[in-house]
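One structure is given below, encoded as C-alpha cells.
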Amino acid sequence: MNTRVPKDRRRGRALTVLAATAMLALTGCKGGDLVSYDLPNPRGLAALVDAAPITLGLVWLRTAPPQIFPRLISLGRSRRTFAREGPVTSPAGVGAGARVVTPACRFGARRRGDRPGATAARRDRGGGEGQKVRDMAHTRDIAFVVFDGVKMLDVAGPAEVFAEANQFGAAYAIYYVSPSGKPVRASTGMQVPVDGRAEDVPDPDTAVVAGGDVLVGRAIEADLVNTVKNLHARSRRTASVCTGSFILAAAGLLAGRRATTHWRHAGLLARAFPDVRVESDALFVEDAAMYTSAGVSAGMDLALALVEEDHGADLTREVARQLVMFMQRPGGQSQFSAPLDRRPPRPSPLRAVVDLISAQPALDHSAAGLAARVGVSTRQLGRLFAAELRTTPAKYVELVRLDHAKALLDRGHTVAETARVVGFGSAETMRRSFVARLGVSPSQYRDRFATTEQGKDAPR
C-alpha cells in the first residue's frame, strides 16, 4: 500500500513549517527553549529554529509526524506558548497547582533558570520604537500577601481584575505568598493555597497587601511585617487593600505619605500612625509608587487603576465592562459611611447641645443660639467644639443634618421633602452639601442606596 504523501501536500507542509519557524524566530525563541517541551521531535525543531536553512527544514519535514503541523501553527500564532514551570495557583486562587500560561520567550519574559530580577534587567536594556509593544507583551508578576484571617474579597477581587486583563492582551502572572509559606484560612473559612514565602517567588512588578479585620486593634505579627518589607524592596510598586494599609504603616512604608483605608478605621490609622497623612474619603491614593485603597471592593477600583497605568484606558475599559464595574466610581467612600458617632464626654457642657442637634436637626442651630444654650460666648463655644469634637459648630450641624438626610433618602423620601425635614432649607443647599461631602448629589445617593428592588428584573 502506497503511503507516500502527495507532492502538493508536502509542499504545503514545507511552507507551513517555514512560516511557523519564522513566527517563532520573531518572538525571540531559541532552539533550547523548545527541547524540554512536549513536542514531537523537539530537537529537530530546535535545530530548525536556530539554523533555519531551507534544506535542513525540508529534511526535518520528511521525518516529522503529521500531528506536528497543527501544533506548529498554534505555536507560531500565540504569544502565550509555553507554561511556566512550577505549581502556580490560578488567578483567583481557585485550584491549587493550576499552571498559569505566560509568554516564555517574548521581550524579556522570565525563562527557566533566570535568577530573580533577571527579567527586569533584560527589560531595562530595551527601548526604541518597540517599547510600547514590549510593555504590552512582557509578563508582570503580581505578588499577593495573605495571612490567616485575610478578607477573601481583598484578594479575589483585585486578582480577578488582573486575570481578566489577561483576556484582553495583558500578561499578568499572579502569585500568593504567606509569612510561613503555608496555606492560610481566609475570613470566609476558605483555605487559600500559596506559592510559598516571599523569597520563593520572582521579584514582583507589584506587591499587593490584602487586609482583614484581624489587623485592627492589635499588634501586627513581625513575620507579616517582614514579608511585606521583603516584597516592597524588590517591587516596582506596592499596594494595599482596605486595612492592609495598617501593615504598610507598621513596616514604616507610609511615613510622611498620603494614604487611605476603610472609612471605619481611618481615624484609628491616623491616631496610631500620626506620621501618615490619612485621606479618609478617598477610594484609593497614590503617593510615590505607594498605593492604598479604601475598604474591600475599592481594591478592585485600585486594581483597575493599576491596569490602566500599565496598559492604557482602552484595555482597562474593556476589563471594566466585562466585570460590570465603573471605570471610575463616582464619589468617595464617605457615601458608604455610618452615621456620625462623635459625642463629647458626659461632664462636658457640649453634651446637651450635641444631643439637641441630633434630636432636632431642623432647628435654628446658629453659633449664637448654641452658645446661649450653653451659657458661653460664641468664641468659647468654638474652642469647646475644636477641643472635644475636632470641628466647628457649623460643620458639626451640617454633618448631623447630612446623616439624617441620608437616612431619609435610604427610606425613599424625596429630595425636597428631605431638605425641609432635616433643616437644610432648600434642595439646592442640600445638594451642595452632598456634593462637597460625599461627591454625589442627593438623587444619585438615593438611587444607589434606597433599595435593591430596582436592580431586579421586572415581573413578566
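The values are calculated or read from the model by the stated rules, or taken from the named source; none is laboratory data. Computed from a prediction, not measured in an experiment: that's the story for all the values here. No Cβ is skipped: glycine too gets one built from the backbone with ideal geometry, and neighbour counts run over all protein chains shown. The area values use the complete protein model at the heavy-atom level, side chains included, leaving out ligands, DNA and RNA. Shrake-Rupley method; radii C 1.70, N 1.55, O 1.52, S 1.80 Å.
The figures follow:
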quantity	calculated
All positions within the range 283-317 that are outside any helix (DSSP H, G or I), more than 18 Å from ALA210 (Cα to Cα) and open to solvent by 40 Å² or more (accessible area, probe 1.4 Å)	ALA288
Subset of the range 360-398 [in contact with a helix residue (DSSP H, G or I) (Cβ under 9 Å, 6 or more places away or on another chain), among the small types (Gly, Ala, Ser) and part of a loop (DSSP other than H, G, I, E, B)]	ALA362, SER366, SER377
Number of the condition not met by LEU402 [criteria: (1) modelled with pLDDT under 90; (2) more than 18 Å from GLN360 (Cβ to Cβ); (3) in contact with a helix residue (DSSP H, G or I) (Cβ under 7 Å, 6 or more places away or on another chain)]	(2)
Search result, residues across the range 365-405 that are of a type in the set (S, T, N, Q) and over 39 Å from the mean Cα position of the chain (by Cα)	SER366, SER377, THR378, GLN380
Breaking point among (1) surrounded by fewer than 20 Cβ atoms within 10 Å (Cβ to Cβ); (2) within 11 Å of VAL150 (Cβ to Cβ); (3) at pLDDT 95 or above, for SER187	(3)
The lone exception for GLY412 - which of (1) at negative phi; (2) in a loop (DSSP other than H, G, I, E, B) it fails	(1)
Residue in the range 332-354 that is modelled with pLDDT of 90 or more and charged (D, E, K, R) present	no
Residue match in the range 440-450 (condition: in contact with a Gly (Cβ under 6 Å, 6 or more places away or on another chain) and open to solvent by less than 70 Å² (accessible area, probe 1.4 Å))	yes
Residue match in the range 411-429 (condition: among the small types (Gly, Ala, Ser), under 18 Å from ALA359 (Cα atoms), at pLDDT 85 or above and out of contact with any His (no Cβ under 8 Å at 6 or more places or on another chain))	yes
Failed criterion for LEU153 (all others in (1) modelled with pLDDT of 95 or more; (2) within 30 Å of ARG317 (Cα to Cα); (3) aliphatic (A, V, I, L, M) hold)	(1)
Filtered residue count, the range 254-264, keeping only those that are open to solvent by 50 Å² or more (accessible area, probe 1.4 Å), modelled with pLDDT of 90 or more and either of a type outside the set (A, V, I, L, M, F, W, C) or part of a helix (DSSP H, G or I) (or both)	2
Complete set of residues in the range 140-165 that are over 18 Å from MET190 (Cα atoms), open to solvent by 10 Å² or more (accessible area, probe 1.4 Å) and touching a strand residue (DSSP E or B) at 6+ places or on another chain (Cβ under 6 Å)	ARG140, ASP141
Single match in VAL397, VAL422 (criterion: open to solvent by less than 30 Å² (accessible area, probe 1.4 Å), at negative phi, touching a residue at least 60 places away in the same chain (Cβ under 8 Å) and of a type in the set (Val, Ile, Thr))	VAL422
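For (1) crowded, with 16+ Cβ neighbours inside 10 Å; (2) at pLDDT below 95; (3) at negative phi; (4) assigned to a loop (DSSP other than H, G, I, E, B), each residue gets a yes or a no:
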| site | (1), (2), (3), (4) |
| --- | --- |
| ASP195 | yes, no, yes, yes |
| PRO204 | yes, no, yes, yes |
| ARG218 | no, yes, yes, yes |
| VAL225 | yes, no, yes, no |
| GLY252 | no, no, no, yes |
| ALA266 | yes, yes, yes, no |
| ARG271 | no, yes, yes, no |
| ASP281 | yes, yes, yes, yes |
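Matching residues to (1) within 30 Å of ASP281 (Cβ to Cβ); (2) touching a Cys at 6+ places or on another chain (Cβ under 7 Å); (3) of a type in the set (Phe, Trp, Tyr); (4) in contact (Cβ under 8 Å) with a residue 40 or more places away in the chain:
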position: GLN167; (1), (2), (3), (4): no, no, no, yes
position: GLY181; (1), (2), (3), (4): no, no, no, no
position: ALA207; (1), (2), (3), (4): yes, no, no, yes
position: HIS232; (1), (2), (3), (4): yes, no, no, no
